[in-house]
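Here the structure comes first, spelled out in C-alpha cells, and everything after it is commentary.
The values are calculated or read from the model by the stated rules, or taken from the named source; none is laboratory data. What you see is a predicted model, and the numbers here were worked out from it, not measured in a lab. Note that we place each Cβ from the backbone using ideal geometry, even for glycine, and neighbour counts take in every protein chain shown.
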Amino acid sequence: MKQLKSNPNNIDETVIGKIVKQTSMFHSKKNCILVTDEAKKQNGYSAIISNKIIDTNVIGVELDELGELNNNDIVTIDADGIINIIHEANSKHNAIFITGRCNSNCIMCPQPPVKEEADRHDLNLKHISLLPKDTISIGITGGEPTLIGNKLFEIIVHIKKSLPKTYINILSNGIRFENIEYARNFAQNINQNTVVDIPLYSDVDTIHNEIVGSKTFNRTIKGIYNLAKFNVKIGIRIVVHKMNYKRLPQLAEYIYFNFPFVYQIAFMQMEPIGNALDNIEKLWIDPIDYNEELENAIKILHYRDLHVSIYNSQLCILSEKMRKFAVKSISEWKNIYVDDCEECILKPDCPGFFASSKDYHSRGIKSIKEIQACV
Amino acid sequence: MSYQILPYRFERFDDEVFMSNEVGEYLYLPSDDFGKFVNHELKPDSDSYNTLKSKQIISDNNTEDVLEMLSIKYRTKKHFLTQFTSLHMIVVSLRCNSNCSYCQVSKKDINDLNFDMDKETAKNVVDKIFESPSPNIKIEFQGGEPLLDFEIIKFIIEKAEWKNIFKKKNLEFVICTNLTLMDEKMLKWLKGHKVYISTSIDGPLELHDKNRPLFNSEHSYEEVVDKINLTRKYLGNDSVSALMTTTSFSLNKFPDIIETYRELGFNSIFLRSLNPYGFAKRDKHFLAYPMEDFLENYKQGLDYIINLNLQGIYFAEDFATILLSRILTPFSTGFVDLQSPAGIAIAGVIYDYDGDVYVSDEGRMLASVGDKKFKIGNVKENSYQEIFNGDYLHSLIEQSVAESLPQCSTCAYLPYCGADPVRNYNEQGDLIGHRPTSEICKKNMGVIKYLLSLLKKNDSNLNRIFWSWIIRKPIEE
C-alpha cells in the first residue's frame, strides 16, 4: 500500500480515519481525519493533516504533499508519522491487511514476511466499518491471514454484516485448512461471495516446496480438499518464473484432474521486488520466453471450461488470442506505463507494469498500432 | 532417493510406453526411461520422474497423502455406483410396424395384442421404478414400436408423475420410436410432459429404406423426416435425437450418413456397429461384417467429422465423446455399456411387456430368442429387494468387474473401458469371455487407441474440437 512520511504531533497510538478535505455536518467527525491548510484545532476530528506547522495542542501531522490524499481514502497514521493509505477511494484493488507474518517464505515474495508486529485486529475491524457501503470487492491479505486463527472469522463476519453484497477475496497458502475443523469453521463463517485464492506453483512437490521455502505441498493440497468438502469457492494462483514455467501445461492438467471443482485459476507475472529482487538470478525469465508454456496451459484450462486469467501481463507480449484472458490486475498506486505505451492502442485495457519492475521489462514490449482483422 | 511404484498399467505405443494409473491419468515414457523406471533407477527430478510423480504412478514421500488423493479420484470415477439404477427401460409392446433387416428384439406381428403390456403390469413397473434410490429417473419406452400402444405410455407417464409429486426425483421420459405413427394428437399430449424422442436414422433415403422398411411399405425415410420436423415443432428443437446402426450396406457410406444427420439438423451422430442379437444374429451372413471393417469405417467417419469441425461446423461423434470424457476427465460417464462393474441392473434395467425384468436391453433380446439367462425377476411376482438385491444379480455383477477379468485386469486402457457380460455370454458362451477373440474388445480397443493416437499429436485445434464435444458447446479459439 501507498505510504507517506509526515511529521507527527501528539500521535500516541495509531489513528485510523477517513480522509475529508472539507468540514461538513454530514459526516461523523470522530471517524474522519481532516486534510486542511490551517494549523489550528478542528473540533471532533480524530486528527488533522496539514501543510502548515500545526499548533502544539493539536493531534495531527504535517505533510507537504496533500494532493496525494483523496476524499474518502482511509488512512492510518502511526506514532512515527507514517501515513498508510489503506483504502484508496479511486481503486478497485483494496484489501484488509491482516498480518505481515507468514508460514511460508516464497522465493519471489514481493513483501517478505515480518517476525513480529503490533496487533492490527481492532484497526482492521474499524477499517471495515469505514468502508463505503457500495464497495464492490475487498481483499483479505497478508502475510498469511489464517495465522490470526479464529480472529479471521471475526473479520469476515464483520465484512458480511456491514457490506453484505461485497465480494470477499482471501489470499491464503491453504496450509491452515489442512485442519478440517478450521476449514469447517471457516466455511460456516463465510458467504457465497467469498473466494479463497491459493497458490500452487507446480504439479511436482519438490518444485513447489523449493519455491515456498518449506515442505508444505501436501498440506496445501489437503487444505484445498478440505475447503472443497465444505463447498468453499477456491481459486488457484500461479506466479510464473524460471523455476516453474516449464511445467505450466502439466500443472494445468494436474489442477483439472485433481481439483476440477476450482472456481478460477490465475497465472501471474512476477513482481520483481522484495525477495524476488534478491533472488532475481534464479527467477528471472523474460515473460515472452514462457509464452508457449503459458499459452498451452491457458488452452488446457479454457478448453476444460474453467475460468482462467493472466494477471500482470502486458498485452503486447501476449499473442492476440491470449489477450482476452489478461486482467487489469495491478493496483493503481504501483501501476505504470512506459514510453512505448503512449501510442499503443491497447493501453486502455492493458495491465501495464509494476512501478517496481522498471529494470525487468520484457524485450517484447512494443507499441501496438493496429489489430489484425479476425481471421 | 528411493521411490515407491503405485498401481499402474502399461502397453507399448508407437516407440514409447503408454502408462495409465488407476483413474485413467496417462503419460508416455520413452522406452529407455521405462526400463529405468521399473528397475527403480530413474533419476529424481528428471522430466520423466516428475511426470510420473505428477500422475501419481510413483511416490517418494507422503505416500499416504498421495493415496488419499487417488482414492478421492477413484470415488469420482466410480461415482455412477452411488446413484444406483437411473435408466429404466419399459417394453410397452413387442408389436412393430417396422420390418428392419437387423431387428435385434425379434419383433412380433403388428396385430398380435398378446405382446402388449397390461395396466396391472405397468402399475407394478412404475412402483418398482420409484423404489430405486437414484435421484435421477429416466423412463425409456421401448418396443417393438411403443407408439402402437400410446394409451399405456400415457398411463405410465401419468402414474410416474403422480408418484413423483412425493418422491421429487429428476424425472424424464424418452420414447424410442420409429416416429412413423407419431401424430399431432399425441404430440399435443406429450407437450405437457418432460418427454424426449429417440428415433432411428440409418443414413440417406436409399440406405435407410433398405435397412428399415415398414411392414407394409418399402419406404420409411421420408415419413420419419416429416415426423422429426413435426415433433420438433411441438416439443422443441432439442427434443429429438437419432441413432444409426451400421449394416454391411452402410460400409463405405459414413460420410453420406453423417451428411444426412447434418441435413436433418442434428449436431452429433453415434456411429454404432451392429449388435449381434435377434435377426441381426440370425442373418449375420448378409448383415454383419468383420469388426476390422467397422473400425476402418469408423476412423474415416471420425476424420470426416473432425474436418467438418475444422471448417467451423460444430458436430460431434457420440462414441468418441463418451470415450474422450473417460480418457480426459476425472468424472464418470453415464454410458451403461462401458462401466466396471458393468451397469447391468445397477445403472440401467429393462422391464419386458410381461413384467419380466432383465439386466439390460441385450438381456431381453436374448430372452426373445428363448434364453432367459439375464432375467432377474418379475414385477408382479417379486419384491424390489428380490429383484435388485438378489444373489443371482450379485453373482452376475461379481463376474463383470473388468478389473478382475482375464486380460482386462492388466490392460492399459482398462480405466476407459468396461465389462459387458451379456455380450460375452451371447458371443462367447460365458460371462467372463475371451478377450483375444472378443469382437467388443477389438472394437473398444481399436477406437480408444485411435483416439489416443489423435490426442498424442497434441494438436491445439484437434484438442479444442474434442473438448468442445466433451463440454457440449463450441469453443472459441
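Of all the numbered requirements in (1) more than 14 Å from chain B (Cβ to nearest Cβ); (2) over 30 Å from A:GLU68 (Cβ atoms), A:SER331 misses one, and that requirement is (2). Taking segment A:190-246 as the range and being buried (at least 22 other Cβ atoms within 10 Å of the Cβ), in contact with a Phe, Trp or Tyr (Cβ under 6 Å, 6 or more places away or on another chain) and not β-branched (Val, Ile, Thr) as the test, the residues that pass are A:ASP203, A:ASP205, A:HIS208, A:GLY223, A:ASN226, A:LEU227, A:ASN244. Residues that are among the β-branched types (Val, Ile, Thr), crowded, with 19+ Cβ neighbours inside 10 Å and at the interface with chain A (Cβ under 10 Å from one of its Cβ atoms) within segment B:447-474 comprise B:ILE465, B:ILE470, listed in sequence order. Note on segment B:402-477: enclosed helices (runs of 4 or more DSSP H) holding 2 or more residues that are among the aromatic types (Phe, Trp, Tyr) and at pLDDT 95 or above are B:460-470. For A:SER172, the test of being buried (at least 19 other Cβ atoms within 10 Å of the Cβ), in contact (Cβ under 8 Å) with a residue 24 or more places away in the chain and closer than 13 Å to A:PRO145 by Cβ is passed. Determine whether B:ASN99 is more than 14 Å from every other protein chain (Cβ to nearest Cβ) and farther than 23 Å from B:ASN378 by Cα. When the stated conditions are applied, B:ASN99 passes them. If you filter segment A:334-361 down to residues that are touching a helix residue (DSSP H, G or I) at 6+ places or on another chain (Cβ under 6 Å) and surrounded by 19 or more Cβ atoms within 10 Å (Cβ to Cβ), you find that the one that is farthest from the other protein chains (Cβ to nearest Cβ) is A:PHE354. For segment A:137-166, taking the residues that are among the aliphatic types (A, V, I, L, M) and assigned to a helix (DSSP H, G or I), the one that is surrounded by the fewest Cβ atoms within 10 Å (Cβ to Cβ) is identified as A:VAL157. In segment B:50-83, of all residues being free of Cβ contacts under 8 Å to residues at least 24 places away in the same chain, surrounded by 15 or more Cβ atoms within 10 Å (Cβ to Cβ) and farther than 21 Å from B:LEU328 by Cα, the one that is nearest to the chain's Cα centre (by Cα) corresponds to B:ASP65. Per the listing B:GLY429, B:GLY418, the residue uniquely touching a helix residue (DSSP H, G or I) at 6+ places or on another chain (Cβ under 8 Å) and away from chain A (no Cβ under 14 Å) is B:GLY418.
Look at (1) assigned to a helix (DSSP H, G or I); (2) away from every other protein chain (no Cβ under 14 Å) and you find that A:ASN191 fails only one, number (1). Taking the numbered list (1) modelled with pLDDT of 95 or more; (2) surrounded by 23 or more Cβ atoms within 10 Å (Cβ to Cβ); (3) assigned to a loop (DSSP other than H, G, I, E, B) in turn, B:GLY144 passes all entries but (1). If you check B:ASP149, B:ASP127 for being closer than 18 Å to B:ASP183 by Cα and part of a helix (DSSP H, G or I), only one passes: B:ASP149.
When A:ALA47, A:ALA79, A:ALA95 are screened for being of a type in the set (A, V, I, L, M, F, W, C), touching a strand residue (DSSP E or B) at 6+ places or on another chain (Cβ under 7 Å), loosely packed, with under 14 Cβ neighbours inside 10 Å and at pLDDT 90 or above, only A:ALA79 passes. If you filter segment B:26-45 down to residues that are farther than 14 Å from B:SER2 by Cα and out of contact with any strand residue (DSSP E or B) (no Cβ under 8 Å at 6 or more places or on another chain), you find that the one that is surrounded by the most Cβ atoms within 10 Å (Cβ to Cβ) is B:ASP33.
Residue pairs whose Cβ atoms lie under 9 Å apart, separated by 6 or more positions or on different chains, with the first residue in segment B:365-392 and free of Cβ contacts under 8 Å to residues at least 12 places away in the same chain and the second exposed (fewer than 15 other Cβ atoms within 10 Å of the Cβ), are B:SER383/B:GLU131; B:GLN385/B:GLU131.
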